[in-house]
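A quick write-up on the structure given underneath.
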Amino acid sequence: MFKKIEIWVLYLVLLFSILFAVGFGVLVRQELVGSIKAGWISKSALTLAEIPMNMKKILKSQSADLEVEDRFPNLDGFNGTPNDEELYLLLSRYDGDLEEGILELVDLKNFEVKHVWNPDIDAFNDLVEQVDDFKYLTRDSNEKRFTLMHPKLTSDGELLFGWEAPLRKIDICSDLVFQNSHYRFHHSIETDREGDIWVPSRLYPQTLPPKIVGRDIKDEGGFRDDGIVKLSPTGEIIFVKSVSQILIDNDMGHFILSNGNDVSNDPIHLNDIQPVNFDGDFWKKGDVFLSIRNLSMIILYRPSSNKIIWMGNGPLLHQHDVDILGENRISIFNNRSINTISGSANFVDGQNEVVVYDFETDVYSSYLRKSLIENDVRTITEGRSEILPSGDLFIEESNYGRTLFFNSDGSLRWSHVNRAENGNVYRVGWSRILYTQEDIETVTQLLSKVGACRE
């Protein structure tokens with residue numbers, strides 16, 4: 001019954017917009033291009049013209065946006081053999097039955113859920129002034145649409161998350177510790193040895209000259225000025241720098257400026273910042289690796305001197321997730337995804353791969369490539385990987401709600417498919433495996449406090 005009412009309301013809204021389209025069409029055009037100003041009338045026309053789009057998004061079943069293709073109809077939850085050693089999974093997933101994003105701390109020795117975070121996203125949104133880049137925060141990132149992306153468990157047992165939204169920190173009881181709404185933060189969240197937080201953000205107003213980028217913040221037309229932001233453990237901003245400006249400053253501006261009007265409004269698409277925590281032959285503590293998806297490029301950047309130390313684009317296609325593997329190697333989750341010129345759906349060229357680059361030998365290699373092919377791992381966008389010290393491999397196939405763990409010999413140890421009781425499969429949100437001694441100690445301390453939230 002409710003769905004029928006939704007459809008009738010949508011029809012009425014569409015009819016209303018059509019009736020006004022003729023009378024206000026010219027004014028809308030004038031408002032958009034700025035050729036003629038008609039004051040409040042033209043602005044009202046523009047507002048009315050936006051109603052169908054906004055109402056359609058609101059009335060649509062919001063969890064449907066987070067439902068994914070069911071590629072594994074015979075799999076549900078965890079399947080396979082638990083790990084022998086003490087490991088934990090921060091499983092970020094959209095619960096299709098609750099219709100909310102939740103975060104589960106899973107003991108990988110038995111697949112038991114030890115703790116669940118389920119913060120009140122709507123209450124957090126109410127604390128944000130919803131203008132400019134946060135104009136559609138309630139519409140697009142409300143409780144029913146939000147997933148706790150790339151959660152980071154801090155050394156004090158609290159949790160960081162944020163995706164096209166403020167950066168937020170919550171405690172073990174899911175209560176808000178802080179949120180920074182200065183920028184619209186997105187993608188990865190990492191901390192360095194000092195506990196400082198590194199997060200990609202969308203800078204607004206844009207930092208590049210208006211003659212290059214304008215000042216339009218609309219998603220469909222505005223230049224997305226991705227920046228790297230460093231924040232203190234308490235959420236204060238310490239450092240900000242536009243990635244586009246970094247390229248320009250280092251004589252690499254041609255990568256984003258050479259195509260004139262044909263340049264994408266999203267030429268960078270920064271999806272990972274990996275801080276360097278030790279000095280080595282090829283980097284220094286304080287450097288950061290940056291994954292620039294839309295240039296299929298990884299750079300090693302030194303904020304202290306504003307210098308690009310190294311750039312690699314090797315055999316990469318829209319990659320994600322850079323990790324440091326000791327003194328001279330890094331790993332990269334290579335999506336191998338192709339954006340089609342024909343306009344048809346994007347696709348993965350075969351399967352995803354985990355690429356390892358050796359700075360000493362200047363060689364790229366593919367890690368456990370056969371295993372990814374055999375298990376048909378092919379998320380088009382997003383995706384995470386982590387090579388553990390043991391040689392085991394953790395992967396999240398984000399687009400299809402699947403998480404996998406491979407033994408060092410390439411055999412699949414276990415997988416998880418985020419299937420709800422309603423039978424549908426839903427998104428996972430850049431889950432994180434916890435395996436270091438520091439991680440284990442943090443989890444142990446956290447679990448000792450879980451009882452406080454039940455009082």
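The values are calculated or read from the model by the stated rules, or taken from the named source; none is laboratory data. Predicted model only: the values in this text are computed from it and were never measured. Here the Cβ is made from the backbone with ideal geometry for all residues, glycine too, and neighbour counts use every protein chain on show. Note: areas computed on protein heavy atoms with side chains; ligands, DNA, RNA excluded. Shrake-Rupley method; radii C 1.70, N 1.55, O 1.52, S 1.80 Å.
Could you check segment 131-157 and list, in sequence order, the residues that are among the hydrophobic types (A, V, I, L, M, F, W, C) and either buried (at least 16 other Cβ atoms within 10 Å of the Cβ) or not in a loop (DSSP other than H, G, I, E, B) (or both)?
Phe134, Leu137, Phe146, Leu148, Met149, Leu153
Rundown of residues vs (1) polar (S, T, N, Q); (2) open to solvent by less than 10 Å² (accessible area, probe 1.4 Å), yes/no style:
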{"position": "Asp409", "(1), (2)": "no, no"}
{"position": "Val417", "(1), (2)": "no, yes"}
{"position": "Asn424", "(1), (2)": "yes, no"}
{"position": "Arg432", "(1), (2)": "no, no"}
{"position": "Thr442", "(1), (2)": "yes, no"}
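Filter segment 344-370 down to residues that are in contact with a strand residue (DSSP E or B) (Cβ under 8 Å, 6 or more places away or on another chain), open to solvent by 30 Å² or more (accessible area, probe 1.4 Å), in a loop (DSSP other than H, G, I, E, B) and closer than 27 Å to Arg413 by Cα, then give me how many there are.
2
Only residues in segment 270-298 that are more than 13 Å from Trp198 (Cβ to Cβ) count as the first member; pair them with residues that are of a type in the set (Phe, Trp, Tyr) and assigned to a loop (DSSP other than H, G, I, E, B), Cβ under 7 angstrom, at least 6 apart or cross-chain, and list the lot.
Pairs that qualify, where the first residue is more than 13 Å from Trp198 (Cβ to Cβ) and the partner is of a type in the set (Phe, Trp, Tyr) and assigned to a loop (DSSP other than H, G, I, E, B), are Phe282/Phe359; Lys285/Phe278.
Conditions (1) among the small types (Gly, Ala, Ser); (2) over 18 Å from Leu412 (Cα atoms); (3) in a strand (DSSP E or B), marked per residue:
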{"position": "Asp84", "(1), (2), (3)": "no, no, no"}
{"position": "Ser92", "(1), (2), (3)": "yes, yes, yes"}
{"position": "Ile102", "(1), (2), (3)": "no, yes, yes"}
{"position": "Leu105", "(1), (2), (3)": "no, yes, yes"}
{"position": "Asp122", "(1), (2), (3)": "no, yes, no"}
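Any chance segment 432-444 includes a residue that's free of Cβ contacts under 8 Å to residues at least 60 places away in the same chain, assigned to a loop (DSSP other than H, G, I, E, B), over 24 Å from Ile102 (Cβ atoms) and among the acidic types (Asp, Glu)?
There is no residue in segment 432-444 that is free of Cβ contacts under 8 Å to residues at least 60 places away in the same chain, assigned to a loop (DSSP other than H, G, I, E, B), over 24 Å from Ile102 (Cβ atoms) and among the acidic types (Asp, Glu).
Closer than 14 Å to Glu190 by Cα and open to solvent by less than 40 Å² (accessible area, probe 1.4 Å): does that describe Asp272?
Judged against the criteria, Asp272 is a match.
One line per residue, one yes/no per condition, for (1) modelled with pLDDT of 95 or more; (2) closer than 15 Å to Leu87 by Cα; (3) over 20 Å from the mean Cα position of the chain (by Cα):
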| residue | (1), (2), (3) |
| --- | --- |
| Phe394 | yes, yes, no |
| Glu397 | yes, no, no |
| Leu412 | yes, no, yes |
| Ser415 | yes, yes, yes |
| Val425 | yes, no, no |
| Val428 | yes, no, no |
| Thr436 | yes, yes, yes |
| Ile440 | yes, yes, yes |
| Lys449 | no, no, yes |
